[in-house]
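Accompanying notes for the structure given below.
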Amino acid sequence: MEVMAHPDERMLRITPTVDPPGLRLEGELDATRHQDVIEALSPLTAEGGDVRLDLAGLRFIDLGALRQLTCLAERCGNGVRIVLDNLSPQMENLIATVSWERLPGLVQGRNSQGRKDMA
């Protein structure tokens with residue numbers, strides 16, 4: 001699924017991944033695309049367990065998107081954890097500012113740039 005935000009370079013591309021099950025997000029995730037991500041994630045969370053988001057190609061994420069992901073994990077209530085792989089340093093700083101404790105159900109995952117894997 002590819003969702004175009006505007007005709008310019010701002011877009012969000014959502015690609016399902018199989019191994020591990022999850023999604024790859026590329027582009028920008030702002031308030032106009034929250035629902036698209038939740039709709040793509042919902043079927044993956046139905047079985048419980050970990051669902052991985054590969055964020056290596058994500059250039060921007062807003063606080064509302066983090067909150068939406070947290071709410072989705074809480075609503076599932078079946079042991080769902082949304083594991084955030086390949087966080088950029090900027091996204092790590094944003095989450096550190098908010099604090100992981102305030103984002104139950106979200107977990108820092110592996111990182112292809114050699115930073116620590118928390119999942």
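Residue count for the stretch 91-109 under the criterion of being more than 14 Å from the chain's Cα centre (by Cα) and not in a loop (DSSP other than H, G, I, E, B): the result is 6. Answer yes if at least one residue in the stretch 18-41 is free of Cβ contacts under 8 Å to residues at least 12 places away in the same chain, surrounded by fewer than 16 Cβ atoms within 10 Å (Cβ to Cβ) and aliphatic (A, V, I, L, M), and no otherwise. Yes, because at least one residue in the stretch 18-41 is free of Cβ contacts under 8 Å to residues at least 12 places away in the same chain, surrounded by fewer than 16 Cβ atoms within 10 Å (Cβ to Cβ) and aliphatic (A, V, I, L, M).
If only residues of the stretch 75-119 that are of a type in the set (S, T, N, Q) and under 16 Å from residue 25 (Cβ atoms) are counted, the one that is modelled with the lowest pLDDT is 112. Restricting attention to the stretch 1-19, the residues that are at pLDDT 85 or above and in contact with an Asp or Glu (Cβ under 8 Å, 6 or more places away or on another chain) total 6. When residues in the stretch 42-63 are screened for being surrounded by fewer than 17 Cβ atoms within 10 Å (Cβ to Cβ) and in contact with a Leu (Cβ under 8 Å, 6 or more places away or on another chain), 5 of them pass. Annotation: of all residues in the stretch 46-74 being under 14 Å from residue 28 (Cβ atoms), assigned to a strand (DSSP E or B) and in contact with a helix residue (DSSP H, G or I) (Cβ under 8 Å, 6 or more places away or on another chain), the one that is modelled with the lowest pLDDT is 61. Among the numbered criteria (1) closer than 20 Å to residue 112 by Cβ; (2) out of contact with any Leu (no Cβ under 6 Å at 6 or more places or on another chain); (3) modelled with pLDDT of 90 or more, which one does residue 22 miss? Exception for residue 22: condition (2).
The values are calculated or read from the model by the stated rules, or taken from the named source; none is laboratory data. Small disclaimer: the values here were computed from a predicted structure and weren't measured. Cβ sites come from the backbone with ideal geometry, for glycine too, and all protein chains shown count toward neighbours.
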